[in-house]
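Below is one structure, written out as C-alpha cells; comments come after it.
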Amino acid sequence: MRTAYTVETVRTAERELMARLPEGALMQRAAAGLAAACAGLLGRVYGSRIVLLVGSGDNGGDALYAGARLARRGAGVTAVLLNPDRAHAGGLAALRRAGGTVTDAGQGEAAVERADLVVDGIVGIGGKGGLRAEAVPLAAAARRARAAVVAVDLPSGVDADTGEVRGAAVRADLTVTFGTHKPALLVDPAREFAGTVRLVDIGLALRHRTPELEAPQHADVARLLPAPGAECDKYRRGVVGIAAGSARYPGAAVLAVSGALRGGAGAVRYVGPAKDAVIARYPETLVSDRGPRKAGRVQAWVTGPGAGDDAATVAEVVREEVPVLIDADGLRLAEPAAVRARTAPTLLTPHAGEAAALLGVDREEVESARLTAVRELAARYGAAVLLKGSTTLVAPAGGRGAVRVNATGTPWLATAGSGDVLSGLAGSLLAAGLTAVDAGSCAAYLHGLAGRLTAHGAPVSAQNVADGIPQAWRDVSRAG
C-alpha cells in the first residue's frame, strides 16, 4: 500500500528525525537521492548542462546540494536564484566550491533554454497557490525547452495537501519526493504535473501516523478479494440485488448485472422493468417483478443505474437494512435525510458532475479539488463515497480517515455504461462481505485494470470492460 501524508505530519516527522541526527544530515540524504535520480535521468553526467531553479528555504537547499554533487562529477551547473538574499547559504557555498555558477532570474530563461536538465527547487511542500510572478517565465521556459525537468519533492505551484493547482505550476518529467508521497502526487489535477514519481527514503518514522491517502497495489487488493471455501454455496458467497434500468435505459440494468456477475457474489437478483433484456443476456440471473422488498434474500443492493425517475424503487432500496450502493439517477432520487438515517453501510458512486450537483457547486470546482469534494460528500451523507475520475477516490463514511486512491484506469474507460459495470462489481463485493471502502476501492482497481487490459490503446465498450474483469482478477490474485 502506497501512502501519502499531509505537510503537517511530514514536518513533524522531520523535526523528530533531525533532533536525532547531526545538523544538515537530513538535507544531505535528500540531496544524495535527488542527485542520483538526476544522474539516472541524464545517463551521462560529465559535460551535461544542468540548471537549478532555486527558491528560498530548504527546497532550494536540496537543489543546491544536489547540484554540487553533480558539478563534482563534471556537469556544468548553473543556479538561478529567484530570491538571492534568502537562498540557502550552505547549499550555495557547496555549489560554488564544486565549480557551479550562479545567476539571477533575469538571465534564467536563456540558461534554461540551453539546459539538458532543469531542477525545480522553487517552492517546497508548504507552497500555496500558483507560482509567483517572477517564477512563471522560468516555468514556461522549462516547458518549452528540450530539457528534462526534475521537481524537488513536488512540482512548484501545486498544493501538497489537496492536489489543487491554482495558477501556473511547473510540469515535471520526474518528481523526486522524500520520505513519503504527498497527496498532490497521487491526486489530479496535481498528479498530471508530477510526471514519474520516485520516492527516496530518508528515514522518516510514519507508520504509527494516519495517512491522508492510501493507494492499494496488487497484493493489497488480492488480500481483500473473496475466495469461496470448499463448503460454500451460492448463498454463503452472498447474493447481490440490482434494482436498475427503465424502459428508456434497459442497457444500464444489463451492464450493472454484467459487473455484478463477475464480482465474487454467489448469485445476482434483478428487480426492474428490464428483466427480459437481462435474462436474454444473462440467463443465470434471478429475476423478480415484485419490487426490492419481496425479491428474496440479498446481502447487498445496487440501485440507480438507468433508473430514470423511479424514485419509489430507490427509496425502497434505501430503506433496506443491508449494504446499499447508490449510483447514477439514484444519487439524484435518494433523499439525503434517508441516506443519513441508514444504519447499514452505504456507498455513493458519483462522477464529478453528479458530485457537483449533490454539493451545489460547479463541476469545475469538484474537478479542481477532488480530495476536498469527496470528503465533503462523505461528511454530508454519512456514507462512503467513490468519486470517479482519472484518479478515483474512495472516502470513508463521515469523511474522516485515509482516503483510498486508485490510478489503474485508462481514459478509454470514459465511455457510456462503464460506470454501470463498476456499480455492479462493487455491489457484488459488498454482498460478499467487504466493507464499503474495501468494496469501492477493490472494484475501482479491478475495473480500471480491466479497462487497460481490454483497451490496449484503442476504444473499448462497457461490455468489453466487464468481460475483462476475470483476467484482471486473476492477475491481481497471483500477486497475493
Checked pairs for segment 9-24, first small (Gly, Ala, Ser), second surrounded by 14 or more Cβ atoms within 10 Å (Cβ to Cβ), C-beta under 6 Å and 6 or more apart or across chains, list as Ala13/Leu204; Ala13/Leu206
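What number of residues within segment 37-69 satisfy the criterion of being open to solvent by 40 Å² or more (accessible area, probe 1.4 Å), part of a helix (DSSP H, G or I) and in contact (Cβ under 8 Å) with a residue 60 or more places away in the chain?
Residues flagged as open to solvent by 40 Å² or more (accessible area, probe 1.4 Å), part of a helix (DSSP H, G or I) and in contact (Cβ under 8 Å) with a residue 60 or more places away in the chain within segment 37-69 amount to 3.
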When segment 270-295 is checked residue by residue, the ones that are open to solvent by 40 Å² or more (accessible area, probe 1.4 Å) and in contact with a Leu (Cβ under 9 Å, 6 or more places away or on another chain) are Glu284
Tell me which residues, restricted to segment 410-461, are of a type outside the set (A, V, I, L, M, F, W, C), open to solvent by less than 30 Å² (accessible area, probe 1.4 Å) and under 13 Å from Val394 (Cβ atoms). Asp438, Gly440, Ser441, Tyr445, His447, Gly448
Neighbours by Cβ (under 7 Å, 6+ apart or cross-chain): first from segment 243-259, in contact (Cβ under 8 Å) with a residue 12 or more places away in the chain and open to solvent by less than 10 Å² (accessible area, probe 1.4 Å); second assigned to a loop (DSSP other than H, G, I, E, B) and among the β-branched types (Val, Ile, Thr): Val257/Thr285
Give me the residue from segment 131-151 that is among the charged types (D, E, K, R) and more than 19 Å from Ser48 (Cα to Cα) and, out of that set, farthest from the chain's Cα centre (by Cα). Glu134
Identify, from the list Ala355, Ala384, Ala379, the residue that is of a type in the set (A, V, I, L, M), open to solvent by 20 Å² or more (accessible area, probe 1.4 Å) and either in contact with a helix residue (DSSP H, G or I) (Cβ under 8 Å, 6 or more places away or on another chain) or free of Cβ contacts under 8 Å to residues at least 24 places away in the same chain (or both). Ala379
Residue within segment 194-204 that is over 19 Å from the mean Cα position of the chain (by Cα), over 29 Å from Arg15 (Cα atoms) and assigned to a loop (DSSP other than H, G, I, E, B) present: no
Where in segment 80-151 are there helices (runs of 4 or more DSSP H), lying fully within it, with 2 or more residues that are under 18 Å from Gly47 (Cα atoms)? 89-97, 108-113
Could you list, in sequence order, all residues of segment 94-128 that are open to solvent by 40 Å² or more (accessible area, probe 1.4 Å) and either among the aliphatic types (A, V, I, L, M) or in contact with a Phe, Trp or Tyr (Cβ under 7 Å, 6 or more places away or on another chain) (or both)? Val102, Ala110, Val123
Hey, among the residues in segment 322-349 that are of a type outside the set (A, V, I, L, M, F, W, C), more than 14 Å from Gly306 (Cα to Cα) and assigned to a helix (DSSP H, G or I), which one's most open to solvent (accessible area, probe 1.4 Å)? Arg340
Picked from segment 350-362 (must be assigned to a helix (DSSP H, G or I) and small (Gly, Ala, Ser)), the residue farthest from Lys388 (Cα to Cα) is Ala357
Within segment 175-184, can one find any residue that is of a type outside the set (S, T, N, Q), open to solvent by 10 Å² or more (accessible area, probe 1.4 Å), assigned to a helix (DSSP H, G or I) and touching a helix residue (DSSP H, G or I) at 6+ places or on another chain (Cβ under 9 Å)? no
Contact list, first residue from segment 265-277 and of a type outside the set (Gly, Ala, Ser), second anywhere and assigned to a helix (DSSP H, G or I) and open to solvent by 10 Å² or more (accessible area, probe 1.4 Å), beta-carbon distance below 6 Å, six or more apart or interchain, is Val268/Leu261
Right, Ala194: touching a Lys or Arg at 6+ places or on another chain (Cβ under 6 Å), surrounded by 22 or more Cβ atoms within 10 Å (Cβ to Cβ) and small (Gly, Ala, Ser) or not? no
Kindly evaluate Ala384 against the criterion of being within 20 Å of Gly259 (Cβ to Cβ) and under 17 Å from the mean Cα position of the chain (by Cα). yes
Kindly indicate the residue of segment 441-466 that is among the polar types (S, T, N, Q) and without any contact (Cβ under 8 Å) to a residue 40 or more places away in the chain and also nearest to Pro216 (Cα to Cα) among those meeting that condition. Thr454
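The values are calculated or read from the model by the stated rules, or taken from the named source; none is laboratory data. Since the model is a prediction, treat every value here as computed from it, not as a measurement. Note that we place each Cβ from the backbone using ideal geometry, even for glycine, and neighbour counts take in every protein chain shown. Ligands, DNA and RNA are excluded from the accessible area calculation, which covers all protein heavy atoms including side chains. Shrake-Rupley method; radii C 1.70, N 1.55, O 1.52, S 1.80 Å.
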